[in-house]
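What follows is a set of notes on a single structure, which appears directly below.
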Amino acid sequence: MSARTKLTLLACLAILCAAPLYLSPYHMTLLLPAIAYSIILLGFNLLFGYTGLLSFGHALFVAIGAYTVAILTSRLGIKNMEIIFLCAIVASVVIAVPVGLICVRHVRIFFGMLTLAFGMLFHSILFKFYELSGGDSGIPVVRPFLFGQDLSSMDKTSFLVGPFFYYSIIILILLGTLMWRIVNSPMGMHFRAIRDNPRKAEYLGIQVLRFRLIAFVVSAVYGAIGGALLVVPVGLADPELAYWTHSGNIVFMTILGGFNNFFGPIVGAFAFIGLKDQLVGLTQYWRFALGVVLVLLVLLLPNGIMGLLQARKRTVSQEKVQ
């Protein structure tokens, strides 16, 4: 990472941390899902952008994290968020390993359709098994403890835009740093080799299925942690979190930000939440408008927002050289 990139990243973090000083409580609550989706997309992009496997059922793991929070806090009385994260990680790994062993043996549309099938199967389980999941009513989420601190005395808005906001930023920084180390390690080079030419990678001695499974499980863990953060502001875990349209939103955000860049998914998460908020306020046909944006994005900006910024940067550099 260049010095300029580090400075830009630090500036963005400073602006984000200072958000309560210049944003209204409403706009602050919009940042919370953007941060949660940033974590989800970091994991998803390891699978898609770095390993070359496009999942249409990634919302399955988001729902696992969400229901872990709901069940532990409202039914078992476990409110410590760090313990909840550990349980979400275990649950996601337990589900991701057998599902991944089946899916990673296939590529392209076959992998995508298998992940979609498992996602819809899990959605059906959540929807039908009322005693387990509460059915279509879902399960309420009780306010968790942060770093062991009971903050129930605070009103909901103050809790969300204060302690929980900064708690989410800390988790994003930690998981973002970990993902940066992963993708820039020898393991990350193996992922890229598998994406570019799996047959050649296997010829060079890389265990392709093993590394695809690792990418699948890591992406599932990130999805579960992000899902756990996602439902706390909402206060409810419901089956729609596992529905295929939610998986479609995850793919949309990744493409919007640019899956060829490490920070692209994070940019995509914030851009998507902001764009959706504006469109919902303008028209009841906001889903149609999002579809139009996606079409234009694929046609005009195949590398997403970060791809456009990088292209402009190269153009400016060439002009300075001339």
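Each value in this text was obtained by applying a stated rule to the coordinates, not by laboratory testing. Note that this is a predicted model, so its numbers are computed, not measured. Every residue, glycine as well, gets a Cβ built from its backbone with ideal geometry; the counts of neighbours run over all protein chains shown.
For Phe127, the conditions (1) within 25 Å of Ile266 (Cα to Cα); (2) in contact with a helix residue (DSSP H, G or I) (Cβ under 7 Å, 6 or more places away or on another chain) are fulfilled apart from (1).
Yes or no, residue by residue, for (1) of a type in the set (Val, Ile, Thr); (2) within 19 Å of Gly119 (Cα to Cα):
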{"position": "Gly205", "(1), (2)": "no, no"}
{"position": "Leu209", "(1), (2)": "no, no"}
{"position": "Val221", "(1), (2)": "yes, yes"}
{"position": "Pro233", "(1), (2)": "no, no"}
{"position": "His246", "(1), (2)": "no, yes"}
{"position": "Ile250", "(1), (2)": "yes, yes"}
{"position": "Phe272", "(1), (2)": "no, no"}
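Total residues in segment 276-292 satisfying the condition of being aliphatic (A, V, I, L, M), free of Cβ contacts under 8 Å to residues at least 24 places away in the same chain and touching a helix residue (DSSP H, G or I) at 6+ places or on another chain (Cβ under 7 Å): the figure is 3. The number of residues in segment 268-309 that are assigned to a helix (DSSP H, G or I) and under 17 Å from Tyr50 (Cβ atoms) comes to 4.
Entry remark, segment 203-220: residues being in a helix (DSSP H, G or I) and surrounded by fewer than 24 Cβ atoms within 10 Å (Cβ to Cβ) number 9 in total.
Quick check, is Tyr203 within 19 Å of the chain's Cα centre (by Cα) and of a type in the set (Ser, Thr, Tyr)? Judged against the criteria, Tyr203 is not a match. Screening Gly52 against (1) more than 14 Å from the chain's Cα centre (by Cα); (2) assigned to a helix (DSSP H, G or I) leaves a single unmet condition, (2). Put simply, of Pro233, Pro239, Pro302 the only residue that is free of Cβ contacts under 8 Å to residues at least 40 places away in the same chain and not β-branched (Val, Ile, Thr) is Pro302.
Conditions tested, residue by residue: (1) aromatic (Phe, Trp, Tyr); (2) under 17 Å from Ala70 (Cα atoms); (3) within 22 Å of the chain's Cα centre (by Cα).
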residue	(1), (2), (3)
Ile89	no, yes, yes
Val99	no, no, yes
Met113	no, no, yes
Leu116	no, no, yes
Gly148	no, no, no
Met154	no, no, no
Ile173	no, no, yes
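Tell me, yes or no, whether segment 40-47 has at least one residue that is surrounded by 24 or more Cβ atoms within 10 Å (Cβ to Cβ), in contact with a Gly (Cβ under 6 Å, 6 or more places away or on another chain) and aromatic (Phe, Trp, Tyr). Checked segment 40-47: no residue is surrounded by 24 or more Cβ atoms within 10 Å (Cβ to Cβ), in contact with a Gly (Cβ under 6 Å, 6 or more places away or on another chain) and aromatic (Phe, Trp, Tyr).
In segment 73-89, the residues that are of a type outside the set (Val, Ile, Thr) reach residues that are surrounded by fewer than 19 Cβ atoms within 10 Å (Cβ to Cβ) and not in a helix (DSSP H, G or I) with C-beta atoms within less than 7 angstrom, at least six apart or across chains, in these pairs: Ser74/Pro140; Ser74/Val142; Lys79/Val142; Lys79/Phe145; Asn80/Phe145; Asn80/Gly148; Met81/Phe145. The residues listed here are Leu13, Leu32; of these, the one that is among the aliphatic types (A, V, I, L, M), surrounded by 16 or more Cβ atoms within 10 Å (Cβ to Cβ), part of a helix (DSSP H, G or I) and over 12 Å from the mean Cα position of the chain (by Cα) is Leu32.
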